[in-house]
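Before any comments, here is the structure.
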Amino acid sequence: MGVSAGESADLPESIVIEMRRTAAELLANVSSYADEMLAYILERIPEAGADDDLRGLTLGSCSSNLEAALSMVRHGIDVGAATAPVTALEHARAMAARGYSVDVMLRFYRIGHAYFSERILTLIADVVPDPALALPVVDSLQRYSFAYVDRISSEVAAEYVAELDRIQNRVRAARTDAVRTLIAGEQIDLARAERTLSHRLTGWQTAFVCWTDRDDADLARMGAVVGSHFGSAHPLLVPDGAQALWGWVSTSRAPEVTPEGLAPLAGQVPKAVQIYLGTPAQGPVGFRDSHVQAQRGRRIIELSGSGAPVTTYADLALVDAMSGDLDLARAFVAGELGALAVEGRREKEERQTLLAVLDAQGGLAAAAEELGVHRNTVLQRIRRAEERRGRPVTDRVAELHAALRLVDVLGAVVLTAEPDRT
C-alpha cells in the first residue's frame, strides 16, 4: 500500500504489514488523539476556539480526518480515494461564515499534520520495536499523511470558496432587494435596511450613476472616488450590469455640488466614464428622489451623445422636464427658433450667441467674452438670428431661452437636417 495507485508493489510486505498494524493501534485511541490535536491547534490558532460551535467542528474535523486516514492505511486503500469528511466540509463553511480567510483555514490542516508527524515520531518505538522497520514505516506514514492532507485541503478549500460565494450572493441579493424597495418608495424597516446596506439612511443622500461604453473600465473604483470626494470612505455601490454602477453617499450636511466644488472630482474621471449626480436630499425619500434624478440625467446625456465628466441634475433639469416626449420637444424648438432649428455651422453660431446673451441677461459684453468674439460680432449674429427666426429676440424670451437650452444639450435630437445651400 502506498501513496498513489500502484505504489504498494514498491513496499516490502513487512513494511505494509507494520503500517497497517500501526494504523490499527492508533485507531484504538483516535478520540484521545483528536483531543490532543485540537489542543495542539488551539495553542497555535486561537481562532479555532472563537466559539463553542467552531471549537466543536474543529474537534469533529480532527477526529473524522484522523479516523478516515488511519482506516484507509489499515485497509490498504489508496490515498487517491480520500474524500473530505462531512465535518471537515462543515468546518470550512463555518470558517467562511465567520469571515476567516482561506489561509487561516488551511493552516488548521498544516498544524494538524505537524501534530500527526510529531505523534508518530514519539510513538513509533513503542508500536514498531524493530528499528529496521520503524524508520521506513514512519517515512511511508509521513508520505501518506502528506498526500492525504494535500488532497483533503484542496477539497475543503473549494468548499470554503463555494460557501463564501453563497454568502456573498445572499448578501448581494439582500442589498439589491433593500435598494429596490427604497427606490420603489415602499415601506421598509429602516434600521434593518441600514444594517443590510451598511449605509446610513437618515442623513443627506446624494445618488450618482457611473456609466461607460467599455468593458474594462473600473466603475467600482470610480464609485469609491466619488465617495471619497464627498467625504465617505464606504459609499453604497450597486452594479447595474457590466457598464453601469449606481451609488449613494450619505453625509451629515448637504454636500456642495456646484461646478466649482465638483471640479476636483471631474479631474479624476477617465475619458471613458461619465458620472451623473442627483440633487442631494434627506432621508429615505431623498435616497429615492436623488437616484431617480441621476437616472434621468443619464438618459439626457445618452440622448445627446455627449457630456461633461461630471454632470448634476440641476444642470439639465429643465431639459429633462421638456424632453419626456421628443416629438413635442422637437416641435417646440421648431416653433420657437424657426429657421434657426436646423443643423448648420452658421445656425449653430447664431444659436450659441443668442444663448450666451440670454444667459448674461442681455449683457452683450459678457456674451462676447464668453464666446471669445468682439461685441460687434455678437450684434451681427443677433441680427441674422432674428432674421432666421422671423421675430425679435425680445419676443417670447422665456420660451426662446428654453428652446435654445434644449438644443444646446440635445443637439441634433431636436433639430432638422442641414438645408441644401447649393
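Given the structure, is residue 73 farther than 23 Å from residue 39 by Cβ and not small (Gly, Ala, Ser)?
So residue 73 passes the test.
Can you pull out every residue in the stretch 364-405 that is among the basic types (Lys, Arg) and either closer than 18 Å to residue 337 by Cβ or open to solvent by less than 60 Å² (accessible area, probe 1.4 Å) (or both)?
Scanning the stretch 364-405 gives 381, 383, 384, 388, 389, 391, 396, 405.
List pairs: first in the stretch 60-74 and open to solvent by 20 Å² or more (accessible area, probe 1.4 Å), second at pLDDT below 95 and acidic (Asp, Glu), Cβ under 7 Å, 6+ apart or cross-chain?
From residues that are open to solvent by 20 Å² or more (accessible area, probe 1.4 Å), there are no pairs.
Of the residues 308, 412, only one is within 30 Å of residue 211 (Cβ to Cβ), open to solvent by 30 Å² or more (accessible area, probe 1.4 Å), modelled with pLDDT under 85 and part of a helix (DSSP H, G or I); which?
From the options 308, 412, the qualifying one is 412.
Just to be sure I understand the filter: pairs with C-beta atoms under 6 Å, separated by 6 or more residues or on different chains, first member in the stretch 12-35 and more than 13 Å from residue 65 (Cα to Cα), second member open to solvent by 30 Å² or more (accessible area, probe 1.4 Å) and of a type in the set (A, V, I, L, M). Which pairs pass?
What qualifies is 18/133.
Suppose the filter is more than 33 Å from the chain's Cα centre (by Cα), surrounded by 18 or more Cβ atoms within 10 Å (Cβ to Cβ) and not hydroxyl-bearing (Ser, Thr, Tyr); does residue 141 pass it?
In short, yes.
Taking the conditions exactly as written (at pLDDT below 85, at negative phi, of a type in the set (Val, Ile, Thr) and in contact with a strand residue (DSSP E or B) (Cβ under 8 Å, 6 or more places away or on another chain)), does residue 301 satisfy them or not?
yes
Looking at the stretch 318-331, I want the residues that are under 16 Å from residue 294 (Cα atoms) and in a helix (DSSP H, G or I) and have a partner that is at pLDDT 80 or above and among the basic types (Lys, Arg) with Cβ atoms under 8 Å, at least 6 apart or on another chain. Which pairs are those?
Going by the 8 Å Cβ cut-off, the qualifying pairs are 318/405; 319/405; 320/296; 320/299.
Quick check on the stretch 247-260. Is at least one of its residues aromatic (Phe, Trp, Tyr) and either assigned to a helix (DSSP H, G or I) or in contact (Cβ under 8 Å) with a residue 60 or more places away in the chain (or both)?
So far as the stretch 247-260 goes, no, none of its residues is aromatic (Phe, Trp, Tyr) and either assigned to a helix (DSSP H, G or I) or in contact (Cβ under 8 Å) with a residue 60 or more places away in the chain (or both).
The values are calculated or read from the model by the stated rules, or taken from the named source; none is laboratory data. What you see is a predicted model; the values in this text were computed from it and never measured. Positions of Cβ are backbone-derived with ideal geometry, glycine not excepted, and every protein chain shown enters the neighbour counts. Ligands, DNA and RNA are excluded from the accessible area calculation, which covers all protein heavy atoms including side chains. Shrake-Rupley method; radii C 1.70, N 1.55, O 1.52, S 1.80 Å.
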